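Chemist: The following block contains the structure, expressed as structure tokens.
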Amino acid sequence: MIEVDKLSKYYGERAAIRDLSFSIAKGEVVGFLGLNGAGKTTTLRILGCLLLPTSGSVRLDDLEVTHHPYEIRRRIGFLPDVPPLYPEMTVGSYLAFAARLRRVPNRDTAARVAEAEDKTALRDMHNEIIGELSHGYRQRVGLAQAIVHKPAVLILDEPSSGLDPAQIVEMRNLLNGLRGEHTVLLSSHFLSEISQTCDRLLIIHNGQLVGQGSESELASSMGQSGNTLEAEIGGQSPDLANRLLEISAIRQAKARPTADGTTVFDIVANADVRAEVARLLVGAGCDLLRLERGESRLESIFMNLTQRPPGGAP
Amino acid sequence: MTATWLIARRELSAYLRTMGGYVVAAAVLFVNGILFNAFALGADHSRLSTEVLSQFFYLCSGTIMTASVFLSMRLLAEERQMGTMVLLASSPVRERDIVLGKFLSALLFLALMTVAGVFMPLLILVNGKLSVGHVAAGYLGLFLLGSASLAIGILASALARTQLLAAILSGGMVVGMILLYPLGSLTERPLSEVLFSLGIWHKHFPPFQAGIIHLRDVVYYLAVTYFALFLSMRVLEARRWR
């Protein structure tokens with residue numbers, strides 16, 4: 001569906017992205033991850049036909065962005081990090097304007113607007129002035145304008161930016177609701193959002209792609225497959241690390257004494273072994289103070305990939 | 001409905017839904033009224049109706065150029081400032097549609113505003129006579145001058161990052177084009193002739209003011225409008241490379 005080949009964009013002498021190559025199949029939901037300034041927005045803007053690349057090619061359904069920008073724009077819904085909203089318009093008139101801009105026929109406009117409002121839970125806001133809406137609702141209007149013409153591809157740049165935790169969950173549900181109808185490329189700083197929403201990840205660092213694949217594929221390629229756990233017990237019992245290794249699914253267990261006189265075990269296992277660990281530690285007569293999942297796997301993958309020098313093997 | 005007209009309609013409704021448009025219209029009508037009363041009608045009752053009418057168009061030419069600067073400053077710079085340009089730029093519309101749509105909306109608003117002041121020349125009928133041809137020529141001149149000034153304003157709005165900068169740049173360009181004529185009088189021929197011809201006011205507007213329509217003046221204003229709009233489109237296209 002989308003084929004990106006050796007895509008580069010230079011701002012003067014500085015390369016924002018260099019030789020990016022990836023492809024996205026129809027119906028996939030792909031997460032685009034990277035630190036600030038990594039080149040995510042530049043890439044998304046090129047895919048959205050807002051910016052022209054310095055070299056390389058981007059093809060959508062075999063149409064090249066530089067040669068067929070108008071055809072491609074009809075097939076794309078784009079939500080930038082700041083939703084492009086006219087504050088003096090009502091939600092309904094704004095969405096109708098966006099639909100007409102994307103060549104939705106006059107007779108279908110009202111139905112498409114209603115559909116987009118339903119999907120983004122904006123039906124009750126149809127006659128509200130955009131300038132008077134909360135940030136969360138504005139973000140939804142931004143998403144609604146991106147889907148109002150039923151594009152084949154949705155490009156979403158930080159759709160949860162600036163939202164509170166409840167709104168982030170709502171946005172995640174909205175995004176999950178779009179699955180199946182669109183091919184989605186989504187950038188976000190919220191790793192949990194990406195982890196729970198996307199089928200596949202593209203990780204970009206200093207303008208270069210440093211990793212791509214599903215979370216499990218990336219983890220196994222980095223030797224990080226498995227679950228991480230942290231268990232804290234009262235007292236100093238570092239020898240229990242060896243006992244923990246007797247649990248077959250545990251690959252690694254390290255004891256770490258703390259200043260409070262407790263011991264923390266950092267455990268890496270091939271499966272969820274919380275129950276076995278709890279039984280073993282309690283059975284050994286320890287006071288089990290805490291047992292929780294360690295740092296998220298995606299967080300660990302992301303930190304690993306974005307702290308390597310660019311060009312290093314993923 | 002074409003994309004040009006779609007954008008023009010939205011923009012025109014933005015003028016009518018927000019304070020900005022009304023403030024400019026009210027200020028123009030107020031200033032025109034005061035100036036007309038003070039200078040065109042004046043205390044000298046011996047003047048001919050045609051002189052009063054000519055004076056009215058002379059006064060309006062200044063306010064229409066000023067209004068054009070304020071109406072056009074927001075057209076593209078505000079879209080960029082607020083991030084709404086992305087909506088247009090990611091839609092299947094051409095730069096031509098964006099620039100023409102914006103221009104048409106501002107021109108329509110300017111025309112509405114100018115026509116709203118038509119009661120002033122009609123006041124001449126109280127004590128004098130009115131030549132319909134003179135009125136039509138004067139309004140055509142105002143329309144063409146406004147069109148050229150707006151197009152220059154749109155170019156400034158395409159170049160500038162903020163509305164304030166756009167207003168300063170557009171004001172500077174319009175004043176610069178007015179000053180080409182006085183500058184011409186300081187130079188030798190043939191440069192002076194070129195500068196006289198390029199000036200936006202001294203050579204090309206007074207005939208309209210006097211009720212005379214010269215094809216060369218009409219062509220001049222249309223050419224300035226076309227050239228400024230063409231450059232604006234090119235500026236927008238060039239932004240895709242940045």
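Chemist: Gaussian network model of chain A, Cα springs within a sub-10 Å range: biggest mean-square fluctuation belongs to which of A:GLU232, A:GLU181, A:GLU158?
Modeler: Maximum fluctuation in the GNM of chain A, among the listed residues, is at A:GLU232.
Chemist: I've got another one for you. Tell me the angle of helix B:163-184 to the major Cα principal axis of chain B, expressed in degrees between 0 and 90 and rounded to the nearest ten.
Modeler: Tilt of helix B:163-184: around 50 degrees.
Chemist: Please sort by residue number the chymotrypsin sites (Phe, Trp or Tyr not before Pro) in the stretch B:167-242 whose DSSP state is loop and whose Cβ has at most 13 other Cβ atoms within 10 Å. Before the final figure, lay out each step's value.
Modeler: Numbers: sites: B:PHE196, B:TRP201, B:PHE208, B:TYR220, B:TYR221, B:TYR226, B:PHE227, B:PHE230, B:TRP241; in loops: B:TRP201, B:TRP241.
For chymotrypsin sites (Phe, Trp or Tyr not before Pro) across the stretch B:167-242 that sit outside H, G, I, E and B with at most 13 neighbouring Cβ atoms in 10 Å, the list reads B:TRP241.
Chemist: Also, quick follow-up: Give the average over all directions of the projected area of the C-alpha convex hull of the stretch A:60-155, one decimal, in nm². Walk me through the numbers before you get to the answer.
Modeler: Numbers: hull surface 24.5 nm².
Spelled out: convex hull of the Cα atoms, projected over all directions, averaged, 6.1 nm².
Chemist: Rounding to the nearest 10 and keeping the result within 0 to 90°, find how far the Cα-based axis of helix A:165-178 lies from the longest principal axis of chain A.
Modeler: 60 degrees
Chemist: Something else about it: What percent of all Cα-Cα pairs in the protein assembly as shown falls into each 10 Å bin, going from 0 up to the bin containing the maximum distance?
Modeler: P(r) for the protein assembly as shown, in whole percents per bin: 3, 15, 20, 18, 14, 12, 8, 4, 3, 2, 1, 0.
Chemist: Right, here's the next one. For the stretch B:3-239, what are the per-bin percents of Cα-Cα distances with bins 10 Å wide, up to the bin holding the maximum?
Modeler: For the stretch B:3-239, the binned pair fractions read 8, 31, 33, 20, 7, 1, 0 percent.
Chemist: Run the numbers on chain A and let me know its relative contact order in percent, using alpha-carbon pairs under 8 Å that are six or more apart.
Modeler: Computed over chain A, the figure is 19 percent.
Chemist: For B:HIS204, A:HIS205, which order do you get if you count the other beta carbons within 10 Å of each Cβ and list the fewest first?
Modeler: A:HIS205, B:HIS204
Chemist: For chain B, calculate the relative contact order in percent as a whole number, restricting contacts to Cα pairs under 8 Å that are 6 or more residues apart.
Modeler: 26 percent
Chemist: Moving on to the next point. Using the Kirkwood formula over every pair of different C-alpha atoms, what hydrodynamic radius in Å results for the stretch A:221-295?
Modeler: Evaluated over the stretch A:221-295, this radius sits at 12.2 Å.
Chemist: Still on this structure, I have one more. If contacts are Cα pairs under 8 angstrom and at least 6 residues apart, what is the relative contact order of the stretch A:221-295 in percent?
Modeler: So the answer I get is 42 percent.
Chemist: Using helices alone, what [θ] at 222 nm do you get for chain A, with -39,500 (n - 2.57) per DSSP H run of 4 or more residues, divided over all residues and rounded to the nearest 500?
Modeler: Using -39500 (n - 2.57) per qualifying helix, the result is -10000 deg cm²/dmol.
Chemist: Here's a follow-up. Using r as the Cβ-Cβ distance of A:GLU3 and B:ILE213, and R0 as 51 Å, what FRET efficiency do you calculate, to the nearest 0.05? Let's see the in-between values first.
Modeler: Details: r = 59 Å, r/R0 = 1.15.
Between A:GLU3 and B:ILE213 the formula returns 0.30.
Chemist: If we count every other residue with Cβ under 13 angstrom of B:GLN163's Cβ, Lys/Arg +1 and Asp/Glu -1, where does the sum land?
Modeler: Once positives and negatives cancel, what remains is +1.
Chemist: Rounded if a/c is under 1.5, else prolate if a/b beats b/c, else oblate: with a ≥ b ≥ c from the C-alpha gyration tensor eigenvalues square-rooted, which is the stretch B:4-76?
Modeler: Since a/c reaches 1.5 and a/b is larger than b/c, the shape of the stretch B:4-76 is classed as prolate.
Chemist: Please state, as a whole number in µm²/s, the translational diffusion coefficient that the Stokes-Einstein equation yields for the stretch A:17-63 at 25 °C and 0.890 mPa s, with Rh defined as the Kirkwood radius across alpha carbon pairs. Working shown, then result.
Modeler: On the way: Rh = 11.9 Å.
This corresponds to a translational diffusion coefficient of 206 µm²/s.
Chemist: Kirkwood Rh, the stretch B:25-140, all Cα pairs: how many Å? It would help to have the intermediate numbers written out before the result.
Modeler: Numbers: mean 1/r = 0.0616 Å⁻¹.
Value: 16.2 Å, from the Cα pair sum.
Chemist: Right, here's the next one. Determine by what factor the alpha-carbon radius of gyration of the stretch A:2-213 differs from 2.2 N^0.38 Å, reporting the quotient.
Modeler: Working: Rg = 16.7 Å, N = 212, 2.2 N^0.38 = 16.8 Å.
Computed over Cα atoms of the stretch A:2-213, the ratio equals 0.99.
Chemist: Net charge near B:ARG240: determine it from the other residues with C-beta under 10 Å of the C-beta of B:ARG240, scoring Lys and Arg +1 and Asp and Glu -1.
Modeler: +1
Chemist: Could you tell me which of rounded, prolate or oblate describes the stretch A:1-127, using a ≥ b ≥ c as the square roots of the eigenvalues of the alpha-carbon gyration tensor, with rounded for a/c under 1.5 and, failing that, prolate when a/b is larger than b/c and oblate otherwise?
Modeler: Prolate is the answer for the stretch A:1-127, as a/c is 1.5 or above and a/b outweighs b/c.
Chemist: What area, in nm² and to one decimal, does the C-alpha convex hull of the stretch A:134-174 cast on average over all directions?
Modeler: 2.8 nm²
Chemist: Stokes-Einstein D for the stretch A:115-155 at 10 °C, 1.306 mPa s, Kirkwood Rh over Cα pairs, in µm²/s?
Modeler: 151 µm²/s
Chemist: Also: Go ahead and set up a Gaussian network model of chain A, Cα springs under 10 Å, then flag whichever of A:ILE155, A:ILE147, A:ILE24 fluctuates most.
Modeler: A:ILE24
Chemist: If you project the alpha carbons of the stretch A:102-244 onto the principal axes, what extent comes out on each, in Å, largest first?
Modeler: 73, 34, 28
We did not get these values from a lab; they are worked out from the coordinates using the rules stated. None of the values given here were measured: they were computed from a predicted structure. Virtual Cβ from ideal backbone geometry, glycine too; neighbours counted across all protein chains shown.
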